[in-house]
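Only one structure is covered here, and it is reproduced in the block below.
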Amino acid sequence: MSKIKAENVNVYYGSKQALFDVSIDIAEKEVTALIGPSGCGKSTFLRCLNRMNDVIEICRVEGSIKMDNLELNSRKLDVVRLREKVGMVFQKPNPFPKTIYENVAYGPTIHGIAQSKEEMDQIVETSLKKAALWNEVKDRLDEIGTGLSGGQQQRLCIARAISVSPEVILMDEPCSALDPIATAQIEELIDDLKKEVTIVIVTHSMSQAARVSQKTGFFHLGKLIEFGPTDKIFKNPDNQQTQDYITGRFG
Amino acid sequence: MNNYKKNLLKKRYNAERRFQWYGKIAIGLALTFLAVFMFQIFSKGYSAFQKTWIVTEVHYDKELLLIDAESPSKDDLENADYYDVAYKAMTSLDPGLPEEEDRQLIQMVSYKYETEVKDLLLKNPDFLGKIVPIKLTASDDVDQVHKGNYPRDIPEKNRRVNDYQLQIYDMLNERGDILSEFNISFFTSPDSREAELAGIASSFMGTVFSILVCLAFSFPIAVLAAIYLEEFAPKNKFTDFIEVNINNLAAVPSIVFGLLGLGILLAVFNLPRSTPLVGGITLSLMTLPTIIIAARASLKAVPPSIREAALAMGASNMQTTMHHTVPLSMPGTLSGTIIGLAQALGETAPLILIGMVAFVNTIPGTPVDPAASLPVQIYIWSESAERGFVEKVSACIMVLLAFLILMNLAAQIVRHKFEKKWS
């Protein structure tokens with residue numbers, strides 16, 4: 001079942017066009033990986049899905065992006081409500097310089113999800129457990145989140161993202177700043193999370209895309225070259241460019 | 001390695017060595033100037049922290065005090081006539097002196113000596129009818145003689161202290177009746193025309209009130225302006241224009257702000273002249289751009305990743321700013337504020353224009369009482385010829401410097417204490 005349906009999305013940074021007619025169907029409760037060389041527009045597309053491009057003043061998005069029949073690329077859309085439903089994990093771990101507890105409790109607080117302190121404690125605990133961080137931090141929830149190791153920080157960011165029970169989580173190269181062990185932990189986590197949420201992940205690591213995703217889209221120079229089941233993209237792509245990129249001949 | 005390469009390498013090392021030397025020389029020069037300046041101030045000013053007293057005996061004679069009551073009340077003591085008692089206390093130093101020459105003795109103590117005689121009795125009512133020793137503030141001239149600032153070997157007519165007075169001084173000094181003690185009244189007294197009585201209490205309080213008023217006006221306005229400009233305002237020609245103007249405002253000579261204060265605050269709004277309220281508002285005009293620039297710089301220094309994190313969690317712009325960006329920028333903003341205030345603290349020109357240069361011999365209790373300020377006090381005293389004021393100028397500079405150092409220290413502490421680590 002399709003969760004997000006993008007049709008003919010064009011993105012411009014000032015006069016420079018960054019995305020050309022991208023159309024893509026993102027299936028519910030699956031992991032969709034977006035791959036492609038640097039500057040190909042995969043992150044730009046990802047940021048269209050929770051309207052993070054709004055922050056960039058010169059950025060203009062055209063086309064239609066629908067999530068459950070809700071038009072995302074509309075001026076009338078309440079981005080606060082959208083971002084409650086579509087969480088995001090960034091390339092570099094960016095926990096708030098506050099305590100671990102406050103980091104996870106921030107989303108539920110501003111969206112009024114928890115009614116009481118007990119409920120909040122519960123949300124923080126569940127989120128940290130889902131992010132596989134609970135056992136490591138349960139005794140030091142009042143320590144500053146930025147004092148954790150890189151991998152722990154990224155899992156804290158994932159816990160923060162899932163604390164508001166989003167329907168979709170966007171991940172923008174979540175493992176590029178992490179060592180292989182931390183990367184493996186995050187990948188396991190993605191596998192667990194997809195039971196409940198739809199995940200879109202941008203990655204530079206082909207093997208990561210192959211390991212975690214069910215669908216893969218290959219971007220090149222702002223165009224979606226090929227999109228399909230991960231197995232097919234990696235084993236038997238239709239397009240020559242995809243074949244070349246996957247086998248490491250360019251990019 | 002061929003010769004050309006060797007020479008090149010040698011040149012590079014030499015250039016680096018030379019550059020380091022230039023740096024060392026520059027620092028050395030700066031330190032030398034600072035040392036000379038400090039030495040000047042301290043060597044001239046330290047004696048202002050010592051006060052000279054003349055000890056004599058006073059007889060609280062009920063008849064001379066014109067007290068009739070058997071057991072006089074506080075009021076009786078308050079209203080008694082101390083002129084004769086005080087006069088006798090001084091003239092008793094040399095009973096042989098003819099009456100018409102008595103001024104020579106009276107001039108050796110401050111003109112307030114009668115009040116000092118009165119205060120001693122009011123403090124110790126049981127001294128009534130007794131002969132007790134009393135400390136009287138020595139006059140500016142005796143004070144300077146005692147501190148060794150007046151040469152004694154020049155002709156008498158060129159001296160402010162005549163031979164007779166020197167003779168009395170020597171006699172008292174030999175008896176140990178000239179005391180030199182820490183000058184508390186320098187900190188507790190308001191300004192005075194007499195150097196031996198002048199203190200910085202009124203200008204100090206004036207400065208404190210001015211700075212508080214300045215803080216109260218400039219901080220909220222500047223921080224709100226900075227937050228709006230940095231986080232909310234659209235980036236267009238108009239905001240660029242505002243930014244350029246704020247930067248220009250920071251470079252406007254302070255006397256111009258004084259004229260503005262004079263023309264608007266005093267002439268249009270009719271605020272009370274010579275008060276820290278007007279002074280503080282005028283100074284806040286000067287401090288505003290400094291704080292805005294510092295606040296904007298520290299808002300800019302907050303990593304965009306923190307903003308993105310908050311926005312991606314569904315925080316509104318306002319929440320992102322108030323929950324994350326502003327708290328993270330506070331250390332920089334606060335230390336910028338303190339530095340702005342420290343600048344305002346040393347300002348003289350605008351305060352002179354709005355009338356804070358007036359001679360104020362009361363200690364202000366509120367920001368709407370007339371007051372001077374420390375830098376203006378320095379200016380006022382520096383125009384006085386008496387040697388006593390010369391040392392007071394230096395002492396006042398020391399107090400001002402101490403105030404400045406304290407504020408800069410506060411800025412450092414604020415910065416270190418509230419600085420948080422972000423990744």
- Residue identified as within 11 Å of chain B (Cβ to nearest Cβ), of a type in the set (A, V, I, L, M) and either crowded, with 19+ Cβ neighbours inside 10 Å or in contact (Cβ under 8 Å) with a residue 60 or more places away in the chain (or both) among A:Val79, A:Val89: A:Val89
- Can we say B:Asp76 is closer than 13 Å to B:Leu128 by Cα, among the charged types (D, E, K, R), assigned by TED's automatic domain parsing to the domain that holds B:Asp140 and free of Cβ contacts under 8 Å to residues at least 24 places away in the same chain? yes
- Task: Return the total of residues in region A:133-163 being closer than 20 Å to A:Gln91 by Cβ and more than 10 Å from every other protein chain (Cβ to nearest Cβ).
- Result: 10
- Restricting region B:275-312 to residues that are hydroxyl-bearing (Ser, Thr, Tyr) and crowded, with 21+ Cβ neighbours inside 10 Å, the one nearest to the other protein chains (Cβ to nearest Cβ) turns out to be B:Ser298
- Item | Hits in region B:361-397 (condition: of a type in the set (D, E, K, R) and free of Cβ contacts under 8 Å to residues at least 40 places away in the same chain) | B:Glu383
- Query: Does A:Ile4 count as in contact with a Gly (Cβ under 7 Å, 6 or more places away or on another chain) and within 17 Å of A:Thr216 (Cα to Cα)?
  - Reply: no
- Among the residues of region B:313-368, write down those that are part of a helix (DSSP H, G or I), among the hydroxyl-bearing types (Ser, Thr, Tyr) and within 14 Å of chain A (Cβ to nearest Cβ). B:Thr320, B:Thr321, B:Thr325, B:Ser329
- Query: Of all residues in region B:178-223, how many are charged (D, E, K, R), over 14 Å from B:Val376 (Cβ atoms) and assigned to a loop (DSSP other than H, G, I, E, B)?
  - Reply: 3
- Message: Against the condition surrounded by 24 or more Cβ atoms within 10 Å (Cβ to Cβ) and either in contact (Cβ under 8 Å) with a residue 12 or more places away in the chain or among the basic types (Lys, Arg) (or both), how does A:Leu156 come out, does it pass?
- Response: yes
- Considering A:Asn50, A:Asn8, A:Asn69, which residue is polar (S, T, N, Q), modelled with pLDDT of 90 or more and loosely packed, with under 14 Cβ neighbours inside 10 Å? A:Asn8
- What are the pairs, 6+ residues apart or on separate chains, where a residue within region A:59-72 that is closer than 14 Å to A:Pro166 by Cβ has its Cβ under 8 Å from a residue that is in a strand (DSSP E or B) and modelled with pLDDT under 90? A:Met67/A:Lys3; A:Asp68/A:Lys3
- Message: Just to check your reading of the model, which residue among B:Asp177, B:Asp191, B:Asp170 is farther than 20 Å from B:Met90 by Cβ, acidic (Asp, Glu) and out of contact with any Asp or Glu (no Cβ under 7 Å at 6 or more places or on another chain)?
- Response: B:Asp191
- Query: From the list A:Glu102, A:Glu118, which residue is assigned to a helix (DSSP H, G or I) and surrounded by fewer than 17 Cβ atoms within 10 Å (Cβ to Cβ)?
  - Reply: A:Glu118
- Item | Filter result for A:Val22 (in a strand (DSSP E or B), under 22 Å from B:Lys235 (Cβ atoms) and in contact with a helix residue (DSSP H, G or I) (Cβ under 9 Å, 6 or more places away or on another chain)) | no
- Query: What number of residues in region A:212-233 are surrounded by fewer than 18 Cβ atoms within 10 Å (Cβ to Cβ) and over 13 Å from A:Gly36 (Cα atoms)?
  - Reply: 5
- Query: Just one of B:Val208, B:Val213, B:Val244 is modelled with pLDDT of 90 or more, under 30 Å from B:Thr362 (Cα atoms) and surrounded by fewer than 19 Cβ atoms within 10 Å (Cβ to Cβ); which is it?
  - Reply: B:Val208
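The values are calculated or read from the model by the stated rules, or taken from the named source; none is laboratory data. All values derive from a computational prediction rather than experimental measurement. Backbone-built Cβ (ideal geometry, glycine too); neighbour counts: all protein chains shown.
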